Amino acid sequence: MTEARSKHRTDGQATRERILEAAGELFAADGYAQTSAKAIAERAEVSLTLINYHFDGREGLYRAVLIEAHRRLAKLSDLRDLAKSELPATAKLRVLIYGLVRPATKRQPGWHINVLAKEIFAPSTHFPFLFEAEVPAKLAIIKQVLSDITGIPPDDPALVRCVISVLAPCSMLLVAARGAPGPLDEVRRMPREAIINHLHAYALAGLEAIAREHGHRKPPRSDRSGAPRRAATSRSTKSKN
């Protein structure tokens, strides 16, 4: 009896994941409005009854796809691990930038990127649900990293502006149409490390300027690995001695 129940749960989870994957691919290609539950059922090779059983219909399925898409882009558990790590804040910022640049520079970024792009450029009525479910906890971690760099308290409105300034260039690389002529596509074809180095240095310079403007401590400049230059210089001096 126990084995039968376990197999049923495993089969049910596999079916749910298959539906989610099929829906993600179709929503990414055609958008929410143009994707029917019937089309999803056919692609996933399941009945409409199973879609209703696992997701309570097309709306529930789309919300599940949005949640999955956001988690594929940035897992809360990964961000929490980063926050708890002993890396300096400047290095944590580099990790955050890498996490956005990496999928942005892939030839095939995955359906989750296209789903999020469509939702950003033409928000559906489900966007507030996605925001409330996924964004606040992740945003709090990002704000804390920027607060550690600038000395600006996390609840200061200036830090929200810093978040936008740091993440906007990465987000544009993520969601802008691929293959269209222009600077964004040109940047995507550049070496990934060069893009990350540039965005990291650019972000740190801006954060340093905002920190000075607000009378807070000056954040340390970082080397290409994200470690503070002062520490790197100190180690270099010791090795010479």
Problem set entry | Output for region 114-138, where each listed residue is surrounded by 12 or more Cβ atoms within 10 Å (Cβ to Cβ), of a type outside the set (A, V, I, L, M, F, W, C) and more than 13 Å from the chain's Cα centre (by Cα) | LYS118, GLU119, PRO123, SER124, HIS126
Problem set entry | Qualifying residue in region 83-95 (condition: in a helix (DSSP H, G or I), farther than 23 Å from ILE195 by Cβ and either modelled with pLDDT under 95 or in the same structural domain as LEU184 (by TED's automatic domain parsing) (or both)) | yes
Exercise. Is it true that some residue in region 55-62 is surrounded by fewer than 17 Cβ atoms within 10 Å (Cβ to Cβ) and in a helix (DSSP H, G or I)?
Worked result: yes
For this session: Report yes if some residue within region 28-35 is crowded, with 18+ Cβ neighbours inside 10 Å and either in contact (Cβ under 8 Å) with a residue 40 or more places away in the chain or over 26 Å from VAL135 (Cα atoms) (or both); otherwise report no.
Result: yes
For this session: Inspect region 102-122 for any residue being of a type in the set (Gly, Ala, Ser), over 21 Å from LEU184 (Cβ atoms) and either part of a helix (DSSP H, G or I) or at pLDDT 95 or above (or both) and give the result as yes or no.
Result: no
Exercise. Out of the residues in region 149-162 that are part of a helix (DSSP H, G or I) and out of contact with any Gly (no Cβ under 9 Å at 6 or more places or on another chain), which is farthest from ALA91 (Cα to Cα)?
Worked result: PRO157
Seminar exercise, completed: The correct count of residues that are surrounded by fewer than 15 Cβ atoms within 10 Å (Cβ to Cβ) and of a type outside the set (A, V, I, L, M, F, W, C) in region 63-98 is 8
Problem set entry | Tally, over region 103-120, of residues that are touching a helix residue (DSSP H, G or I) at 6+ places or on another chain (Cβ under 7 Å) and either assigned by TED's automatic domain parsing to the domain that holds GLY60 or not β-branched (Val, Ile, Thr) (or both) | 10
Seminar exercise, completed: When restricted to THR150, THR105, the only residue more than 18 Å from the chain's Cα centre (by Cα) and in contact (Cβ under 8 Å) with a residue 60 or more places away in the chain is THR150
Exercise. Out of (1) more than 30 Å from ALA23 (Cα to Cα); (2) not in a helix (DSSP H, G or I), what's the single condition that is false for LEU146?
Worked result: (2)
For this session: Look at region 56-89 and say how many of its residues are touching a Lys or Arg at 6+ places or on another chain (Cβ under 8 Å) and without any contact (Cβ under 8 Å) to a residue 40 or more places away in the chain.
Result: 1
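The values are calculated or read from the model by the stated rules, or taken from the named source; none is laboratory data. On a predicted model such as this, the values are computed, not experimentally measured, just so you know. When we count neighbours, we look across all protein chains shown, and the Cβ atoms used for this are built from the backbone with ideal geometry, even at glycine.
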